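Contents: one structure, followed by commentary.
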Amino acid sequence: VEAIRRLPYPDQGDPDAKLWRQRAATSSWVVRHLQERRVRRVLDLGCGYGWLSARIAREGGMDVTAFDASAIELERAREAFGSIPRIEWTCGDLFDASWSPTPFDAVVACGSIQYFPDLDALFARLSTLLEPSGEILVFDSPLWRRAQVAAARRRSHGYYASLGLAELASGFHQHAREDLDRFGASWYYLPDSWPARVRRHLLGQPVSSFPVVGIPASRVPARS
């Protein structure tokens, strides 16, 4: 639990330290972005152990609903961050229509959209949970050029097969950047852009390997 409380700044020697340095930088940007948009209520989709919810509530001063389908992970999150005010811990099915909270100003999807097979259905549902001026902020998820998707899918299947867990590959979905462009996406950061390359290779900064993109709720078509 103590190790979770320190995230996104892991213990020294953590094998994922490089990834967490990137997440620390990205999440700092996310908090500033939400503050600039004067966001008050945030849905943290797929919150996991709750470190991002805690950071948004603590540093951003916002009310956060930390939502996850895993009761086990939410219990660990409560153990680590339950003393922080302004966080509501919620376990459930995102597509359960009976869950109808007060509309949020923003949804943060940190490392989660790859677990949803249908982006149209996902964004349509999230738009019903947002104010009309709200935004879905997607980051820390792999988003490929359409021409790269097939190869990425083969790598994913090969990886899980090498672990003897081939059945898990069906739960991991490769989405194309062009799929998000249909929703009026604002690409705040692209890891293959020249500024990102300069920061990574010449300046040695911990820039993320994943894009940061905003989807305006107003651009998501409603579903009947």
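Which shape class, rounded, prolate or oblate, goes with region 1-99 when its Cα gyration tensor gives a ≥ b ≥ c as root eigenvalues, a/c under 1.5 marks rounded, and past that a/b bigger than b/c marks prolate?
Judged from the Cα gyration tensor, region 1-99 comes out oblate (a/c at least 1.5, b/c at or above a/b).
Can you give me the Cα centroid spacing of region 181-224 and region 57-74 in angstrom?
23 Å
For the chain, what is the convex hull volume of its Cα atoms per residue in Å³?
145 Å³
Less than 12 Å Cβ to Cβ from Arg219, Lys/Arg counted +1 and Asp/Glu -1: what total charge do the surrounding residues give?
-1
If Lys and Arg each add +1 and Asp and Glu each add -1, what is the summed charge of the other residues whose beta carbon sits under 12 Å from the beta carbon of Trp187?
Its environment carries a net charge of -2.
Compare the peptides 89-99, 15-25 by average per-residue count of other Cβ atoms within 10 angstrom and give them in order, highest first.
Going from most to least packed, we get 15-25, 89-99.
Using a/c under 1.5 as the rounded threshold, could you call region 95-224 rounded, prolate or oblate? The axes a ≥ b ≥ c are square roots of the C-alpha gyration tensor eigenvalues, and prolate needs a/b larger than b/c, oblate otherwise.
oblate
Would you look at the GNM of the chain, springs on alpha carbons closer than 10 Å, and say which of Gln174, Gln205, Gln114 moves the most?
Gln205
Solvent-accessible area of His157, probe 1.4 Å, all protein chains present, reported in Å² to the nearest ten, please.
90 Å²
Quick one: dipole size for the chain, taken about the Cα centre, charges +1 on Lys/Arg Cβ and -1 on Asp/Glu Cβ, in debye to the nearest 20.
Dipole magnitude for the chain comes out near 820 debye.
Pop out the carbon and sulfur fraction of the accessible area of the chain as a percent, whole number, probe 1.4 Å.
Here it works out to 52 percent.
Report Tyr160's accessible area, 1.4 Å probe, all protein chains in place, as a number in Å² to the nearest 10.
Tyr160 exposes around 40 Å² with every protein chain in place.
Give the accessible area for Ser193 in Å² (nearest 10); use a 1.4 Å probe, count only protein heavy atoms, and leave out ligands, DNA and RNA.
Ser193 exposes around 30 Å² with every protein chain in place.
Is the shape of region 37-145 best called rounded, prolate or oblate, per the rule: a/c under 1.5 gives rounded, else a/b larger than b/c gives prolate, else oblate, with a ≥ b ≥ c the square roots of the Cα gyration tensor eigenvalues?
rounded
When the helices in the chain are scored as -39500 (n - 2.57) per DSSP H run of 4 or longer and the sum is shared across all residues, what 222 nm value do you end up with, to the nearest 500 deg cm²/dmol?
Value at 222 nm, helices only: -10500 deg cm²/dmol.
For the pair Ala222 and Asp11, what calculated FRET efficiency results from E = 1/(1 + (r/R0)^6), where r is the Cβ-Cβ distance and R0 = 45 Å, to the nearest 0.05?
Working from the Cβ atoms, E equals 0.50.
Of all DSSP beta bridges in the chain, what percent run antiparallel (nearest 5)?
Around 25 percent antiparallel, to the nearest 5.
Please report the spacing between the Cα centers of region 1-49 and region 103-152 in Å, no decimals.
When both Cα centres are located, 18 Å separates them.
With unit charges on the beta carbons (Lys and Arg positive, Asp and Glu negative) and the dipole taken about the Cα centre of region 70-162, which residue among Val107, Leu122, Pro142 sits farthest to the positive side?
Highest projection toward the positive end goes to Pro142.
On a 1.4 Å probe surface of the protein chains, which of Leu168, Leu203, Leu190 comes out largest in accessible area, and what is the full order?
Solvent-accessible surface, decreasing: Leu203, Leu168, Leu190.
The values are calculated or read from the model by the stated rules, or taken from the named source; none is laboratory data. Predicted model only: the values in this text are computed from it and were never measured. As a convention, Cβ positions derive from the backbone with ideal geometry for all residues, glycine included, and neighbour counts pool all protein chains shown. Accessible surface is based on the protein model in full, side chains and every heavy atom, while ligands, DNA and RNA are left aside. Shrake-Rupley method; radii C 1.70, N 1.55, O 1.52, S 1.80 Å.
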